[in-house]
Amino acid sequence: MLYLDYCATSPVRPEVIQTVTDVMTRHYGNPSSLHRLGKEAEELVTKARTVVARTLGCKPSEVLFTGSGSEANNLAIKGAALAYRKRGNHLITSVLEHASVYEAYRQLEDLGFDVTYLPVDSTGQVRLADVEAALREDTILVSLMYVNNEMGRVQPVEAIAELLKKRPKTLFHIDAIQAFGKLDCKRVVRNADLLTLSAHKFGGPKGVGALYCREEVALLPLVSGGGQERGLRSGTENVPLLVGMAKACRLAEEEREQVAAKLLTLRKRLTDQLALIPGVHLTTPAEMTAEDEGYAPQLVHLTAPGFRPEVVIHALEKRGIFISTRSACSSDQVEPSRVLLAMGFPRERAAAGLRISYSADQSLEDMDRMAQELGAVLSMLEQA
Amino acid sequence: MQHPEAIIVRLGELTLKGRNRRRFERRMMEQIANLIQHYPKATLREEFGRVYIILNGEPYAELAAGLNRVFGLSSYSPAVKARLDLEDIRRRAIEWVRGAEPAPRTFKVSVKRANKAFPHNSHELAHLIGGAILRQAEGTLQVDVHQPELELRIDIRQHEVYLFSEILPGTGGYPVGSNGKALLMLSGGIDSPVAGWHSMRRGLEIEGVHFHSYPYTSERAQQKVIDLTRKLARYTPDRIVLHMVPFTEIQTRLNQSNCENLLITLMRRSMLRIAEQLASGRKANALVTGESLGQVASQTLTSMQVIGDGIRLPILRPLVMMDKQEIIGQAQAIDTYDISILPYEDCCTLFVPKSPATNPNLKVVERMEKSFFFLPELEQQAVEQTEALYIREQEEDKFDEYF
């Protein structure tokens, strides 16, 4: 079996499974209980928060745990928009965003907010000039993803943060879910007001995410109750999962530079091989870097016009290879990809996208196999 | 300012005298070495009472904040490095002047040449480097040897050259331990950690004493005191001993003795007696408290007099004349405030009478104590059952295995 859908989710690292199991078995106390078991659980939560804060270079009090990356995005966006409603009614995001951002903005539109969805250039990047032009007196929030989950384009979040520095009344939210562990999030967090992480994208468990929320930023809680997480996300803390997330964060950040270098060599090999297959168009150029203005190293996106992507995926699955069409959260839709259309792709190509995402534990041979099998599948389907 | 590549640290050559100087320089060195342990790329070299920290990309601001926690350190300077080569020194000097903010209109170059093998004496060098800067500046800069807006200092060492301008003073005081040892009464409130910080800055080594009334006070209140001690441990090269005194028995017995408005006075006297006994066992020569005159009932002048009566060790009260706001500001600066305000009940807030005496009478208090025949024995027991914890800056956590 060759799993190449790491952007959808990653297998949980064995050492993280061990931690989650041990904590779940031994420390079942409620962190809010006054007795020793509660206090131990509370200590574990505090420590997990400190560990995550260290990987981001922020204060522990600035880390909020949530039940998923989607929840963290929702809390950031709706929480900030509703808390600062008196300040202004205008919000900015892009057409690129993950559904948990995009749909949250849609909902806010229904509530009467005015939302600008920024377009992208043909490479899938938001233009700084467009951000500048969209900003208004009453803009209270800008959300942008650091790395696009579908085709891997890195967004100019640092330049935008620089631009927004002069506007203290406009908050900046970065969805770093695909970036953490591959790009330097410590650097961008310094200029962000809100930043989202999801554990299962970097070897942590599902069901836990985190939101960096700068100390001075207020949010309207979406879940009220016992006042956990600074009162911004009530609910008994999921102690084992957030300890597991902290461990995965620490490992991912420690290994980041090495991992990114390895991912780049895998990508080079994969794109070189894919470029030779007739009918395959690489969405990302063959020569790519992991620099800020480039493409994230962990995935390759391509289109194979004329082939139905789900057929290709099932044919590959028969051969033991697992890849995706696009964001796992929207891959059951048959419509063309919103992101690819925004990049100016014709409908036929926009409906024929495939995403291959790998981990640093995989080998050059795995990439060769992927390309060979795709070539074989496409020529088989063409004859059928 | 340009991105510093090194920090030149000057130890306490001015404040320390006598034969202890080397010993306390060593202690400061240890503290600096502990500090840079957290920054694995940084390296350290010591030379004649100076320490050179080479950053290798580690963040200057964080290390500078750490240096501000080394008491007795006289000063430090952010610097860049150059090779032992005139052209390289000139290049870096020009960059340094260009990077200076705000842009200076006048400058001066001063050169110290510890490396006598370098070909040009310091006077020539100042001339050669200053000239290069002037040529580059194209008329926007002038030399002013008396009151320059920017002084570029160049230190020519055996293996490399340092360029710097600022000489930033350290936090002052004396190296921790150079003025003896004292016990610090730590309640968990805002004041006592600040009092501890002041004591340490004057060169006292401190050990903490905390009185707990478990189960009336929670384990969280004890954790709070541990966390506060950990913050103070950042100012020492090693650990702080924290004495946890079980006070439940004494406190409940006093509470049952119908002494209502004198309860606090009696409790405090008992605490000081216990602390004094602990001090003699730990070879400490003073007690430190966070009391501030008039702040609460037990801190009126009469209260202080009655509470301290009978204690032979000096009771040091570094905050005695300070305003609450000043104390809060200092607590925030040393990062203890947020811990101190956590709402866990401690000994001093438990069983507080409705109207504690602000003007207790020593005779009355002494008479009451005489009738409490149980007191000396319970105090002795409390001393014996006191548990000593060793608190370091870095938590040696039983949960580390999970992370």
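Structural remarks
- Close amide H contacts of A:T66 (hydrogens built in the peptide plane, cut-off under 5 Å, sequence separation of 5 or more or a different chain): A:G209, A:A210, A:L211.
- 20 Å cut-off, amide nitrogen to a point 7 angstrom out along A:N30 Cα→Cβ, residues in region A:42-75: A:42-46, A:65-67
- For region A:157-239, size of Cβ-based charge dipole, Lys and Arg +1, Asp and Glu -1, in debye: 180 debye
- Between B:Q394 and B:N115, the simple label model (points 7 Å from Cα in the Cβ direction) yields a spacing of 3.4 nm.
- Average beta-carbon neighbours from other chains, 10 Å sphere, peptide A:40-47: 3
- Share of alpha-carbon pairs per 10 Å distance bin for region B:181-391, given as whole %: 9, 36, 40, 13, 1
- Highest-MSF residue in chain B out of B:E249, B:E30, B:E138 [GNM, Cα springs under 10 Å]: B:E138
- With all protein chains modelled, accessible area of B:T140 [1.4 Å, Å²]: 100 Å²
- Note on chain B: with a GNM built from Cα contacts shorter than 10 Å, the maximum mean-square fluctuation among B:V70, B:V296, B:V288 falls on B:V296.
- Between B:Q37 and A:E348, the simple spin-label model (points 7 angstrom out along Cα→Cβ) gives 6.7 nm.
- Mean separation of Cα contacts under 8 Å, 6 or more apart, over the residue count of chain B: relative contact order %: 16 percent
- Counted over all Cα-Cα pairs of region B:11-106, pairs farther apart than 22 Å make up 42 percent.
- For the protein assembly as shown, a Kirkwood radius taken over Cα pairs fed into Stokes-Einstein (25 °C, viscosity 0.890 mPa s) yields D = 80 µm²/s.
- For chain B: rounded, prolate or oblate by the Cα gyration tensor [a/c cutoff 1.5]: prolate
- Stokes-Einstein D in µm²/s, Kirkwood radius over Cα pairs - region B:6-169 at 20 °C with 1.002 mPa s viscosity: 127 µm²/s
- Shape of chain A, Cα gyration tensor, a/c cut at 1.5: oblate
- Reducing region A:57-92 and region B:313-390 to their Cα centroids gives an inter-centroid distance of 42 Å.
- Whether region A:304-384 is rounded, prolate or oblate, judged on the alpha carbon gyration tensor where a/c under 1.5 counts as rounded: oblate
- Computed from the alpha carbon positions, the gyration tensor of region B:131-227 leads to an equivalent ellipsoid with semi-axes of 52, 16, 13 Å, biggest first.
- Net dipole in debye of the protein assembly as shown [+1 Lys, Arg Cβ; -1 Asp, Glu Cβ; about Cα centre; nearest 20]: 2040 debye
- Pairwise inverse Cα distances across region A:1-105, averaged and inverted, put the Kirkwood hydrodynamic radius at 17.1 Å.
- Here B:K283 and B:S75 are evaluated by their C-beta separation; at R0 = 35 Å the FRET efficiency comes out at 0.60.
- Just checking the listed ones, A:L34, A:L302, A:L282: in the Gaussian network model of chain A with Cα springs under 10 Å, the one fluctuating most is A:L34.
- On the basis of the beta-carbon distance and an R0 of 45 Å, B:D335 and A:D121 show a calculated FRET efficiency of 0.50.
- The label point for B:L342 and the one for B:K363, both projected 7 Å from the Cα toward the Cβ, are 4.7 nm apart.
- The relative contact order of region B:181-391, computed from alpha carbon pairs under 8 Å that lie at least 6 residues apart in sequence, is 34 percent.
- With the biggest extent put first, the Cα atoms of region B:153-297 measure 75, 30, 29 Å across the principal axes.
- Calculated FRET efficiency for the pair B:E384/B:K354, C-beta based, R₀ 41 Å, to 0.05: 0.75
- Solvent exposure of region A:225-316 as accessible area per residue, Å², 1.4 Å probe: 41 Å²
- Restraint check, A:K47/A:K247; B:K41/B:K231; A:K247/B:K231; A:K78/A:K182; A:K59/B:K324; B:K283/B:K324, Cα-Cα greater than 21 Å: B:K41/B:K231; A:K247/B:K231; A:K78/A:K182; A:K59/B:K324; B:K283/B:K324
The values are calculated or read from the model by the stated rules, or taken from the named source; none is laboratory data. This one's a predicted model, so the numbers in the text were calculated from it and none came from an experiment. FYI the Cβ positions are ideal-geometry reconstructions off the backbone, even for glycines, and counts take in every protein chain you see. Heads up: the accessible areas ignore ligands, DNA and RNA and are worked out on the full protein's heavy atoms, side chains in. Shrake-Rupley method; radii C 1.70, N 1.55, O 1.52, S 1.80 Å.
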